[in-house]
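The values are calculated or read from the model by the stated rules, or taken from the named source; none is laboratory data. Here the structure is a predicted model, which is why all the values come from computation and not from measurement. For neighbour counting, all protein chains shown are included, and Cβ atoms are generated from backbone atoms with ideal geometry for every residue, glycine included.
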Amino acid sequence: MFFASRSFCCLGARTCRLRTDLLSRSFSLSAPATMAFRHKNTRRIEGLDSNVWVEFTKVAADPSIVNLGQGLPDISPPGYVKEELAKAAAVDRLNQYTRGFGHPSLVKALSQVYERVCGMKIDPLTDILVTVGAYGSLFSTIQALIQEGDEVIIIEPFYDCYEPMVKMAGAKPVFIPLRYKNDGKSASSADWVLDPAELANKFNSKTKAIILNTPHNPMGKVFTREELQVIADLCIKHDTLCISDEVYEWLVYKGNKHVKIATLPGMWERTITIGSAGKTYSVTGWKLGWSIGPQNLIKHLQVVHQNTLYTCPTPLQEALAQAFWIDYKRMDDPDCYFYSLSRELESKRDRMARLLQGAGLKPIIPDGGYFLIVDVSTLNVDLSDVDEKQPYDYKFVKWMIRSKKLSAIPLSAFCGPETKRQFEKYIRFCFIKQDSTLDAAEVILKNWSKQPA
Amino acid sequence: FLSLSSQAKMSRPVQARRLEGIDKNIWVEFVKLAATYSKVNLGQGFPDFPPPDFLKEAFVRALSGENHMLHQYTRAFGHPPLVKVLAQFFGKLLGRDLDPMTNVMVTVGAYQALFCCFQAFVDEGDEVIIIEPFFDCYEPMVRMAGGTPVFVPLRPKAPKDGKLMSSADWQLDPAELTSKFSKRTKAIVLNSPNNPLGKVFSRGELELIADLCVKHDVLCISDEVYEWLVYDGKEHVRIASLQGMWDRTVIIGSAGKTFSATGWKVGWTVGPSRLLQHLHTVHQNSVYHCATVAQEVVAQGFQRELELYGKPESYFIQLPKELQQKRDWLVQSLDAVGMKPIVPEGTYFLVADISEFKSDVPDVPNSDEPYDSRFAKWMVKNKGLAAIPLSAFYCGAHKNNYNHFIRFCFAKEEATLKAANDILQKWKREKTSP
């Protein structure tokens, strides 16, 4: 039902396209204007055309809106990162094709950094693939290893692309929600857990993979070693692969540790670990990511890559390699960007939480990542007169953008059909924002309860 | 003890069926060989000269500006300044009003544009016509989409007496082409100017294809990445401008080829919204965004070209002028030593017949590997000159049909082409001396 409502809200854009189409047809002299045009979309993309980002980035593009929606830093990347890009583009040969599976200096740097983190040997040429963002890694992994007849376990709420990507590969997503273990006291992302028995029930002979996202978007949950062990045990028992989306791996806050599931016994050989330059260096617009895993799995991702886009941009990869060398050399130093960014974000997290609490809301404090979610039903905003068959959170965010000039993302966008009801009172805020943006948000939240003139 | 589910899984391969038969890739092998052995690399298609100064300046400007948001996501279907200028530019070329939001989509190189087209339009059981020789990725991409490639060859006609063969002498047989269209034909892939031959399809040849597309309601995926690289005053005709074609064509272009910056991987599709909307769906479920700063710089490049269009300082006029000269040098070099070049009408590739050098690389009967592939490997290892065997651009069944040709890339500095000439001259001397 909610899928239908989502495509309903995209109707506006499609009507626009139809108009342009009629216009273009009036130019062409082809007789077949009246003949039915049989070229519709392929089966693999049926129903996958709507997308929460295409919808909400448009709505929030107005510069007068304080945009805490899309996960987009408005802070500057570190100076040396920008400098390395300028240096790389000035080298003539770096403006031409590089190695398809990953620029040599980049895969070398990645192997060094991750060998140190994982404590194991990682071959830069066979165990790593560089992709167009972590998004590209997710796509390559799913296209390489998942097919019709397979089931893939997805933990809800989930980064929204997992579901359409699994469907595009012809497979069936099997959802399992994080559940609030209610002790009434704190509201932390750690309070949201998987039920081990429920999880075990989701595995069967068709389960090809489970997608893990830690630190988790949108919840901010950092899975503990014990929680990962439960997942690992099931993967080993059922010979299931693990696709581990760890793009926020460096953004973990005090008292928490990011554990890589691939380092648990029996897991390296069945895990693809995905990382992101965009999240590591606050350069989402560079669209570079990577998949790391055993050669016998990565080789299949490489086949997908050589048949989809072949190679990623050279100067960006070179600049990223140089940035990694700079930080690799200071991984024992607190000034390393991997740690300094995390510290900077922790104070922004705390500020965001305070602002929301000040407005009478109870945010779920994330242990990692740069998002937090909050239950807005306590504000009792009556939207029953809004004549759209949309979940409450979609209506709330649109109302908030219009009347409060503040944007967020509705959480039901991150849920499967069964769970949307459960999460439709939550919205997600992004806090990787500069002080002036948070100041503007503060003004809005402080004035929230004041009646509009 | 193994659970039932893990026993079931062990009996099947870990990878998905869609990867069947598409794992081999000529470039992975030949790029490695060139990197290891070549002194002069005329193999893989990329310039060894830099992108134009105005592009490098645009890059410096973009990075030194106040706007650090160029390092963050831009619009998924294409950075607004880029799609706007592409809509303007191609609207002008096609004589129609293009909407930057719905008639243009930016991709990670033309390669990803091709991928989006096949994924969006080719279902299991669909046939896709591919003209041989073809840029090698078309076949595996069609197969990965579950489609069936149907091949139709360009056939060489003997050139006029005393003249070198031209890419124009390689032609489709109209009856043969017609026979390839069936009820199951979903699309035809057209590549003009053609890689590897350099053929620039004439208006008449395109009309033949267009008539068949209209008659059979078939889509045209038109790979026009070398659109500016046409020589001898030839015209690049855009098939989408022919009658009945706009509605059924996706045009693909490349900043890498347009601006001699292959490493930036910015490409685009232009077409009617009812086709592009499906490319959007594939794109948003595969890569979603393309790198922002690369798009910003390409937009500035196009802005400059829009202003200078048709003027002598236009890069789109200067580049083909320079490349034509390089083409002519290479043609001379090859002709002088007995390798018979097929003079290309366009692109920066040239194919030559190496029959006269066969004595250096003896035939191996019953070899799985096509002759030209063994020849090219021998040549890079023993002469330090890298080129690509023409069989790389044919389907498996046809790899031995034209197996005494190799492809050279001439988008190279004068020094590189001179060095290639030296190698060829020395080789010829070694052959003729006792």
Looking only at the stretch A:374-428, which residues are surrounded by fewer than 19 Cβ atoms within 10 Å (Cβ to Cβ), polar (S, T, N, Q) and over 17 Å from residue A:360 (Cα atoms)?
-> A:384, A:403, A:422
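For the stretch A:58-99, enumerate the residues that are acidic (Asp, Glu), in a helix (DSSP H, G or I) and at the interface with chain B (Cβ under 9 Å from one of its Cβ atoms).
Residues of the stretch A:58-99 acidic (Asp, Glu): A:62, A:74, A:83-84, A:92.
Cutting the leftovers down to in a helix (DSSP H, G or I) gives us A:83-84, A:92.
A:83, A:92 - these are the residues of the stretch A:58-99 that are acidic (Asp, Glu), in a helix (DSSP H, G or I) and at the interface with chain B (Cβ under 9 Å from one of its Cβ atoms).
Examine the stretch B:197-204 for a residue that is surrounded by 24 or more Cβ atoms within 10 Å (Cβ to Cβ), on the phi > 0 side of the Ramachandran plot and either out of contact with any Leu (no Cβ under 7 Å at 6 or more places or on another chain) or at pLDDT 95 or above (or both), and state whether such a residue exists. Outline the logic, then answer.
So in the stretch B:197-204, the residues surrounded by 24 or more Cβ atoms within 10 Å (Cβ to Cβ) come out as B:197-201.
The next check asks that each one be on the phi > 0 side of the Ramachandran plot; those that pass are B:198.
Subsequent filtering for residues that are either out of contact with any Leu (no Cβ under 7 Å at 6 or more places or on another chain) or at pLDDT 95 or above (or both) retains B:198.
Yes, the conditions are met somewhere in the stretch B:197-204.
So which residues in the stretch A:385-433 are in a helix (DSSP H, G or I) and among the β-branched types (Val, Ile, Thr), if there are any at all? Don't jump to the end; show me each part of the working.
So in the stretch A:385-433, the residues in a helix (DSSP H, G or I) come out as A:392-404, A:411-414, A:420-423.
Those that are in a helix (DSSP H, G or I) and among the β-branched types (Val, Ile, Thr): A:397, A:401.
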Considering only the stretch B:70-105, how many residues are over 22 Å from residue B:308 (Cα atoms), part of a loop (DSSP other than H, G, I, E, B) and either of a type outside the set (Gly, Ala, Ser) or within 11 Å of chain A (Cβ to nearest Cβ) (or both)?
-> 11
Please verify whether the stretch B:114-123 includes one or more residues that are facing chain A (nearest Cβ under 7 Å), assigned to a loop (DSSP other than H, G, I, E, B) and crowded, with 18+ Cβ neighbours inside 10 Å.
-> yes
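Here is a check on your reading of the model: is residue A:378 closer than 27 Å to residue A:342 by Cβ and either assigned by the TED database to the domain that holds residue A:61 or aromatic (Phe, Trp, Tyr) (or both)? Write out each step before concluding.
Details: closer than 27 Å to residue A:342 by Cβ: no; either assigned by the TED database to the domain that holds residue A:61 or aromatic (Phe, Trp, Tyr) (or both): yes.
Against the criterion (closer than 27 Å to residue A:342 by Cβ and either assigned by the TED database to the domain that holds residue A:61 or aromatic (Phe, Trp, Tyr) (or both)), residue A:378 does not qualify.
Taking the residues in the stretch A:41-90 that are over 24 Å from the mean Cα position of the chain (by Cα) and of a type in the set (D, E, K, R) as candidates, determine which candidate is nearest to residue A:168 (Cα to Cα). Full working, then the answer.
Applying the first criterion (over 24 Å from the mean Cα position of the chain (by Cα)) to the stretch A:41-90 yields A:41-43, A:64, A:79-80, A:83-90.
From the residues that got through so far, the ones that are of a type in the set (D, E, K, R) too are A:43, A:83-84, A:87.
Values: A:43: 9, A:83: 39, A:84: 37, A:87: 39 Å.
Residue satisfying both the conditions and the ranking: A:43.
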From B:405, B:375, residue being touching an Asp or Glu at 6+ places or on another chain (Cβ under 6 Å), aromatic (Phe, Trp, Tyr), under 28 Å from residue B:24 (Cα atoms) and surrounded by 15 or more Cβ atoms within 10 Å (Cβ to Cβ) | B:405
Residues in the stretch A:29-43 that are at the interface with chain B (Cβ under 7 Å from one of its Cβ atoms) and either out of contact with any Lys or Arg (no Cβ under 9 Å at 6 or more places or on another chain) or modelled with pLDDT of 80 or more (or both) total 6
Among all residue pairs at least 6 apart or on different chains, which show Cβ distances below 6 Å where the first residue, located in the stretch B:136-157, is touching a residue at least 12 places away in the same chain (Cβ under 8 Å) and the second is in a helix (DSSP H, G or I) and among the basic types (Lys, Arg)?
-> B:144/B:18; B:150/B:180; B:152/B:180
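The rows are residues; the columns are (1) surrounded by 24 or more Cβ atoms within 10 Å (Cβ to Cβ); (2) out of contact with any strand residue (DSSP E or B) (no Cβ under 8 Å at 6 or more places or on another chain); (3) more than 18 Å from residue A:264 (Cβ to Cβ); (4) not assigned by the TED database to the domain that holds residue A:262.
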site	(1), (2), (3), (4)
A:172	no, no, yes, no
A:179	no, no, yes, no
A:187	no, no, yes, no
A:194	no, no, no, no
A:199	no, no, no, no
A:206	no, no, yes, no
A:210	yes, no, no, no
A:219	yes, no, yes, no
The stretch B:19-43, subset within 7 Å of chain A (Cβ to nearest Cβ) and modelled with pLDDT of 90 or more, residue surrounded by the most Cβ atoms within 10 Å (Cβ to Cβ) = B:19
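If you check residue B:314 against the conditions, is it within 14 Å of chain A (Cβ to nearest Cβ) and either within 24 Å of the chain's Cα centre (by Cα) or within 29 Å of residue B:72 (Cα to Cα) (or both)? Lay out the reasoning, then the answer.
Details: within 14 Å of chain A (Cβ to nearest Cβ): no; either within 24 Å of the chain's Cα centre (by Cα) or within 29 Å of residue B:72 (Cα to Cα) (or both): yes.
The answer is no for residue B:314.
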